[in-house]
Amino acid sequence: MTNDQLRDLLIKHLERIAPDISFDDIDPAADLREEYDIDSMDFMTLITALGKDLSLPMPEADYDQMRSFDDLLGYLRRHAS
Amino acid sequence: MTDFVMPSLGADMEDGTLVEQIVAPGDPVHRGDIIAAVETQKGAIEIEVFEDGFLDKWLVPLGTKVPVGTPIAVIRASAEPGKPDMPQPAAPVPAPPPQEAPQPVDPVAPPATPEEPGPVPEPPPEMPPQMAQSGRQRVSPAARRRAAQTGFDLASLGTGKIISLDDIPDAKDSAQVEPLSAMRQAISAAMTRSKREIPHYYLSDTIDLTLAEDFIAAHNADQPPDARLALGVLYIRAVALAAQKYPDFNGHFEDGQFIPGKAVHLGMAINLRSGGLVAPALHDATTGDLETLMARLKDLVARVRQGRFRARELSDPTITLTSLGDRGVAGITGVIFPPQVAIVGIGTPSLQPAVIDDTVQPRRTTQITLAADHRVSDGHQGAKFLRAIIKHMQNPEQL
């Protein structure tokens, strides 16, 4: 997947979880959960959806590498084939 | 022949609007089937039927707001349509009176009914067959939520197309100052009643989460994302088991007496993105393994966030848990949701200095509080209840 495709996929899932918040309104370097006001249950839903779409395990031990939008996108880029 | 009435989904509910007729007249229904959806101050509620039989007819057109207790449909026990006391056979449908009839071309519109809940409304004329099939209004969850918040009448849009968020005027667009939303009014009514009627007392303590978090991390390490557990599921089980052991915190106080719950239906305070919160029940929270409980929790949260839950989930929680998750503050002291008699609040975990074996160590802890009804229990029992929850959290593998 290209960087743009990964980015679109991530935005699509975030906007489904937080339909009231547009990607244009967030700071991609800030804490993802703060920016989208998502709780741990929403975050689990996000990781589950991304893991399914990209066939990635996305282990809990890696959650620290998924703090901001940019971090998570970078993580997907490194791990998605 | 039984009347199916607009249910009461809590002390604060006065009326509801029939927004979906899921079962068509003549169709069989079974106990537990969802046959209709009702719009309330809290969102769309799916309504279950409590007996086996056949749906004879709808008594209330789509979009009509009626008081709690109003018959909205007739359920009959057998397939036999023509009982002597039932004049209308199902098949030949009399032509509806012209002024109330939907246009044949555009089978829209439940007749616009005035807002004020009169006494029991006149049963409407039988719908023509094509309306019975296509008359279900299709509304996206987001649109339904906004309509509920702004008081917009969904019925005015008819049933011709799928109604999306764009079809509902935003509250901000309207010039006049918005009064309290229906959601805030419902919360206000319930919490005012609580503060007025329930003599609350409050207790608090600290939970050391080290063992619980280790247990979750170990469980989740080799699990795919959708099989992982959240810390919240341990809170749920711990509170449910403690409430089972100490029944003075689990049940309803009504008509001057306390009725203990037969099971623990744990109300989960869930915040809505659009503002406000609801606390639907996770039924029988002491049963099943943690994985099953987690799946049920995820299902409940997902449905609530879509503005969709079931009648029983709103009407029968026996105790409430409000947990701030990982992005809140240190602690929360809840307000009891009547007619319940207790609410447990759990704050956000944080690293704190703790004294263990005479040394100070950093530990992940959180605050736990109990607000309980002094008419039913007192601080001595409350402390035992709270300690039981804390103890369960120290033995996560036994949950």
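Kindly provide the set of residues from region B:192-216 that are within 13 Å of chain A (Cβ to nearest Cβ) and either surrounded by fewer than 13 Cβ atoms within 10 Å (Cβ to Cβ) or assigned to a strand (DSSP E or B) (or both), ordered by number.
Result: B:ASP214, single match.
Name the residues in region B:6-46 that are assigned to a loop (DSSP other than H, G, I, E, B), free of Cβ contacts under 8 Å to residues at least 60 places away in the same chain and among the β-branched types (Val, Ile, Thr), would you?
Across region B:6-46, the qualifying residue is only B:VAL23.
The rows are residues; the columns are (1) surrounded by fewer than 17 Cβ atoms within 10 Å (Cβ to Cβ); (2) more than 14 Å from chain A (Cβ to nearest Cβ); (3) more than 24 Å from the chain's Cα centre (by Cα); (4) in a loop (DSSP other than H, G, I, E, B).
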{"residue": "B:ALA218", "(1), (2), (3), (4)": "yes, no, yes, no"}
{"residue": "B:GLY232", "(1), (2), (3), (4)": "no, no, no, no"}
{"residue": "B:ALA240", "(1), (2), (3), (4)": "no, yes, no, no"}
{"residue": "B:ASP248", "(1), (2), (3), (4)": "no, yes, no, no"}
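Which condition does A:ARG16 not pass, out of (1) farther than 28 Å from B:ALA143 by Cβ; (2) of a type outside the set (Ser, Thr, Tyr); (3) surrounded by fewer than 13 Cβ atoms within 10 Å (Cβ to Cβ), if it passes all the others?
The failed condition is (1).
From the set of residues in region B:317-332 that are surrounded by fewer than 17 Cβ atoms within 10 Å (Cβ to Cβ) and among the hydrophobic types (A, V, I, L, M, F, W, C), which is farthest from the other protein chains (Cβ to nearest Cβ)?
B:ALA330
Do we have A:ARG77 as in a helix (DSSP H, G or I), among the basic types (Lys, Arg), within 14 Å of another protein chain (Cβ to nearest Cβ) and over 10 Å from the mean Cα position of the chain (by Cα) here?
no
Only one of A:MET1, A:MET66 is within 14 Å of chain B (Cβ to nearest Cβ) and either at positive phi or aliphatic (A, V, I, L, M) (or both); which?
It is A:MET66.
Residues of region B:271-316 being buried (at least 16 other Cβ atoms within 10 Å of the Cβ), on the phi > 0 side of the Ramachandran plot and either in contact with a strand residue (DSSP E or B) (Cβ under 9 Å, 6 or more places away or on another chain) or within 12 Å of another protein chain (Cβ to nearest Cβ) (or both), which ones?
Correct list: B:GLY307 only.
On the basis of being away from chain A (no Cβ under 14 Å), surrounded by 18 or more Cβ atoms within 10 Å (Cβ to Cβ) and among the hydroxyl-bearing types (Ser, Thr, Tyr), does B:SER156 make the cut? Spell out the reasoning first.
Numbers: away from chain A (no Cβ under 14 Å): yes; surrounded by 18 or more Cβ atoms within 10 Å (Cβ to Cβ): no; among the hydroxyl-bearing types (Ser, Thr, Tyr): yes.
Here the answer is no, as B:SER156 does not meet what is asked.
Among the residues of region A:54-81, what is the count of those that are crowded, with 16+ Cβ neighbours inside 10 Å and among the acidic types (Asp, Glu)?
2
So the check is Cβ under 7 Å with 6+ separation or different chains; which pairs have a first residue in region B:51-66 that's at positive phi and a second one that's of a type in the set (Ser, Thr, Tyr)?
From residues that are at positive phi, the pairs are B:GLY63/B:THR17.
Would you check which residues across region B:220-230 are of a type in the set (D, E, K, R) and either in a helix (DSSP H, G or I) or facing chain A (nearest Cβ under 8 Å) (or both) and list them?
Result: B:ASP226, B:ARG228.
Scan region B:93-108 and tell me whether some residue there is of a type outside the set (A, V, I, L, M, F, W, C) and at pLDDT 85 or above.
no
Working only within region A:4-28, note down all residues that are more than 21 Å from A:ALA80 (Cβ to Cβ) and more than 9 Å from chain B (Cβ to nearest Cβ).
Across region A:4-28, the qualifying residues are A:SER22, A:ASP24, A:ASP25, A:ILE26, A:ASP27.
At least 2 residues that are within 17 Å of B:ASP226 (Cα to Cα) in each: list the helices (runs of 4 or more DSSP H) lying fully within region A:1-59 that qualify.
Correct list: A:3-17, A:40-54.
So B:ALA279 passes all but one of these: (1) at pLDDT 95 or above; (2) within 17 Å of B:VAL341 (Cα to Cα). Which condition number does it fail?
Going through the list (1) at pLDDT 95 or above; (2) within 17 Å of B:VAL341 (Cα to Cα), B:ALA279 breaks only (1).
For region B:288-375, give me every one of the strands (runs of 3 or more DSSP E) that falls completely inside it and has 3 or more residues that are closer than 18 Å to B:LEU209 by Cβ.
B:319-323, B:342-346, B:350-356, B:359-373
The values are calculated or read from the model by the stated rules, or taken from the named source; none is laboratory data. Keep in mind that this is a model prediction, so the values were computed, not measured. Don't worry about glycine lacking a Cβ; one is built from the backbone with ideal geometry, like all the others, and counts go over all protein chains shown.
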